[in-house]
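The values are calculated or read from the model by the stated rules, or taken from the named source; none is laboratory data. The structure presented is a predicted model; accordingly, all values stated were derived computationally and were not measured. A quick note on method: Cβ atoms are made from the backbone with ideal geometry, for glycine too, and the neighbour counts reach across all protein chains shown. Side chains included, ligands, DNA and RNA excluded: accessible areas come from the protein's heavy atoms. Shrake-Rupley method; radii C 1.70, N 1.55, O 1.52, S 1.80 Å.
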Amino acid sequence: AQELGGKSANILLPDVDFKNAVTKGVTSMMINSGQSCSAPTRMLVPADRQDEVKAYAKAAAESLRVGAVSDAGTYMGPVVSEAQYNKVQRLIQAGIDEGAELVAGGPGRPEHMNRGFFVRPTVFANVTNDMTIAREEIFGPVLSILPYKDEADAIRIANETVYGLAAYV
């Protein structure tokens, strides 16, 4: 049996337009507050381009407006419940505790929010596939950037998951 949940890999090959691909990858992951089974939650990038990717991902995540979905300009609403909010917060903290580099977002609500189940659009870099945030389905707005050495390494990392719903190149 195959669990068709979301730890979908988004492999960015060395010849891609990184600014465009990273921006689209972040916004695609964050849509619906990351609550999509096919969300591209693991962005695999050439190791020697990771600093560039981090800068684009940070800018993209920080540009997303979080708030009531009825407000004009809002990109992300809340996660579905308090239980889900708590799960996402626990997993963000696990990323920090396990040594992933926090690029954007982090624990807690966005600065302008003092109630509700709103999660900060969060991006981690220098993630390895043995970290909890790379292995567990978060189902929230949390992106993991994983560096790879070459195409074969990217494919190995992408396939090293129990999930199997989608993949992006």
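Which of the numbered conditions does Val123 fail, given that it passes all the others? Conditions: (1) without any contact (Cβ under 8 Å) to a residue 60 or more places away in the chain; (2) in contact with a strand residue (DSSP E or B) (Cβ under 6 Å, 6 or more places away or on another chain); (3) within 22 Å of Lys24 (Cβ to Cβ).
Among (1) without any contact (Cβ under 8 Å) to a residue 60 or more places away in the chain; (2) in contact with a strand residue (DSSP E or B) (Cβ under 6 Å, 6 or more places away or on another chain); (3) within 22 Å of Lys24 (Cβ to Cβ), Val123 violates only (1).
With the structure loaded, tell me whether Ala1 is closer than 21 Å to Asn159 by Cα, under 12 Å from the mean Cα position of the chain (by Cα) and at pLDDT below 95 or whether it fails that test.
Here the answer is no, as Ala1 does not meet what is asked.
I'm checking my understanding of the structure. Among residues of segment 129-146 that are touching a residue at least 24 places away in the same chain (Cβ under 8 Å) and open to solvent by 10 Å² or more (accessible area, probe 1.4 Å), which one is farthest from Gln93 (Cα to Cα)? Break it down into steps so the answer makes sense when it comes.
Of segment 129-146, the ones touching a residue at least 24 places away in the same chain (Cβ under 8 Å) are 129, 131-146.
Next cut, open to solvent by 10 Å² or more (accessible area, probe 1.4 Å) only: 129, 131-132, 135-137, 139.
Details: Asn129: 17, Met131: 12, Thr132: 10, Arg135: 14, Glu136: 13, Glu137: 15, Phe139: 15 Å.
My answer is Asn129.
Being touching a Leu at 6+ places or on another chain (Cβ under 9 Å), at pLDDT 95 or above and basic (Lys, Arg), is that true of even one residue in segment 78-95?
no
If we keep just the residues of segment 153-169 that are farther than 25 Å from Gly106 by Cα and open to solvent by less than 70 Å² (accessible area, probe 1.4 Å), which is nearest to the chain's Cα centre (by Cα)?
Per the stated criteria, the residue is Ala166.
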